[in-house]
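These notes are about the structure you will find just below.
The values are calculated or read from the model by the stated rules, or taken from the named source; none is laboratory data. Predicted model only: the values in this text are computed from it and were never measured. In this analysis, Cβ positions are derived from the backbone assuming ideal geometry, glycine residues included, and neighbour counts consider all displayed protein chains. In case anyone asks, the SASA skips ligands and DNA or RNA and just uses the protein heavy atoms, side chains included. Shrake-Rupley method; radii C 1.70, N 1.55, O 1.52, S 1.80 Å.
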Amino acid sequence: MHDKLFIPGPSEVRPELLQVVATPQIGHRTQKYKDLHAALIPMLKKILYTEQEALVFTCSATGVMEGSVRNLCQKKVLCTVNGAFSKRWFKINGFNGIPADKIEVEWGKAATADQIDAKLKTGEYDVFTMVFNETSTGVRAPIEEISAMMKKYPNVMFCVDAVSAMAGDKIECDKLGLDVCLAGTQKCWGMPTGICVTMISNKAMERAKQAKAPGYYVNFVDAKEYNDKAQTPHTPAIPLFFALKAQCEHILNEEGLENRWARHIEMAKIVRKWCVDRGFTLFPEKGFESNTLTCANNTKGISIADLNKALSKAHHAIISNGYGDLKEKTFRIAHMGDCTVAEIKELLGWLDEIIPTLPKVA
Ligand SMILES: Cc1ncc(COP(=O)(O)O)c(C=O)c1O
């Protein structure tokens, strides 16, 4: 029996979707593939609230994080850094010889629109990157305020990593004025790992046409040319495309978008309340808590590793320890993807049963 995943990715995949992954292969240059691709894209656009480009890259999110700065930067990139993944996007620039600066804030906090504005005012930057939902800290960035401020800088490409939020937390890409919004499918999409759903604005596509070294694999212009023909430039992960189509149909036709967003918020409220009621404080600054995962301080000094061992043994489920230096200092419970309110309540019941049996370690 596998451990049910309450970790912030990969998340649990419904058995029906796993079955779809096992669909017999088709050739990626056939009409059957084109039909699959052509059916998928309009559904992605609805879920991303965009009338611009929706594409799927066969790589994990990191590939498109790298592709975004390679395709879009001609001057310098500005990155907010408030956790492990936003730090990764900053570092990616260095690995590609792209000049970049960062606005670093304490883990648990989010960079503010004013801080970003103060840097962009210098006119040095033509790309801005941020992580909407920092998986390492459970912090949700104030994207609405940042989006309102970004309207002053139409020539700065607004790139958002929505890896642990897309398809779980409502992101209206066009209304927010995003130029890139990307996410791997193994989190709120409730899908297996391996592909990256990406929204790219028309403005970003125009910018990408001038790129001197956009890279070959994640090449926006190439990807769009093929997308227009319901194709991909290289062999796509066809089993995952089958599953993504089925998952889009489920989200749009069975669950409904607004219900999906509401379910994530409801689960987040339940988990946050449980943490506080049990004497655990929340790690994120108040008002910046994620809707898809909760990161709590281990204020009771229990061993999170032992908690997980006991949870796995007794109930075949796992939550997540803190990330990096936050290991044992925090723990994270994901409430994302197709996880239900009932499943979350059941998990919290199991934690209530196990925690009193654990010895205090700190
Ligand atoms: C917010 C965020 N960004 C980026 C990534 C990187 O994704 P991947 O390792 O699938 O490339 C992750 C992975 O957990 C993430 O949570």
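Here residue 202 meets the list (1) farther than 22 Å from residue 33 by Cβ; (2) open to solvent by less than 40 Å² (accessible area, probe 1.4 Å) almost entirely, failing just condition (2).
Number of residues in region 186-206 that are part of a loop (DSSP other than H, G, I, E, B), among the hydroxyl-bearing types (Ser, Thr, Tyr), within 16 Å of the ligand (Cβ to nearest atom) and in contact with an Asp or Glu (Cβ under 9 Å, 6 or more places away or on another chain): the value is 0.
Considering only residues in region 48-89 that are open to solvent by 50 Å² or more (accessible area, probe 1.4 Å) and not in a loop (DSSP other than H, G, I, E, B), the one that is nearest to the ligand (Cβ to nearest atom) turns out to be 88. Just so you know, in region 142-167 the residues that are closer than 13 Å to residue 80 by Cβ and assigned to a helix (DSSP H, G or I) include one that is nearest to the ligand (Cβ to nearest atom), and it is 143. Of the residues 230, 183, 211, 268, the single one that is small (Gly, Ala, Ser) and either assigned to a helix (DSSP H, G or I) or not assigned by TED's automatic domain parsing to the domain that holds residue 46 (or both) is 268. Residues in region 114-149 that are under 19 Å from residue 173 (Cβ atoms), open to solvent by less than 10 Å² (accessible area, probe 1.4 Å) and free of Cβ contacts under 8 Å to residues at least 60 places away in the same chain: 116, 127, 128, 130, 131, 132, 143, 146, 147.
Quick check on region 211-219. Is at least one of its residues of a type in the set (Lys, Arg) and either in contact with an Asp or Glu (Cβ under 6 Å, 6 or more places away or on another chain) or within 16 Å of the ligand (Cβ to nearest atom) (or both)? Spell out the reasoning first.
First, the residues of region 211-219 that are of a type in the set (Lys, Arg): 212.
With either in contact with an Asp or Glu (Cβ under 6 Å, 6 or more places away or on another chain) or within 16 Å of the ligand (Cβ to nearest atom) (or both) added as a condition, the list becomes none.
There is no residue in region 211-219 that is of a type in the set (Lys, Arg) and either in contact with an Asp or Glu (Cβ under 6 Å, 6 or more places away or on another chain) or within 16 Å of the ligand (Cβ to nearest atom) (or both).
Once region 278-335 is narrowed to residues that are touching a Gly at 6+ places or on another chain (Cβ under 7 Å) and either surrounded by fewer than 19 Cβ atoms within 10 Å (Cβ to Cβ) or in the same structural domain as residue 162 (by TED's automatic domain parsing) (or both), the residue that is farthest from residue 169 (Cα to Cα) is 300. Do we have any residue at all in region 30-41 that's in contact with a Lys or Arg (Cβ under 7 Å, 6 or more places away or on another chain), on the phi < 0 side of the Ramachandran plot and acidic (Asp, Glu)? Looking through region 30-41, none of the residues is in contact with a Lys or Arg (Cβ under 7 Å, 6 or more places away or on another chain), on the phi < 0 side of the Ramachandran plot and acidic (Asp, Glu).
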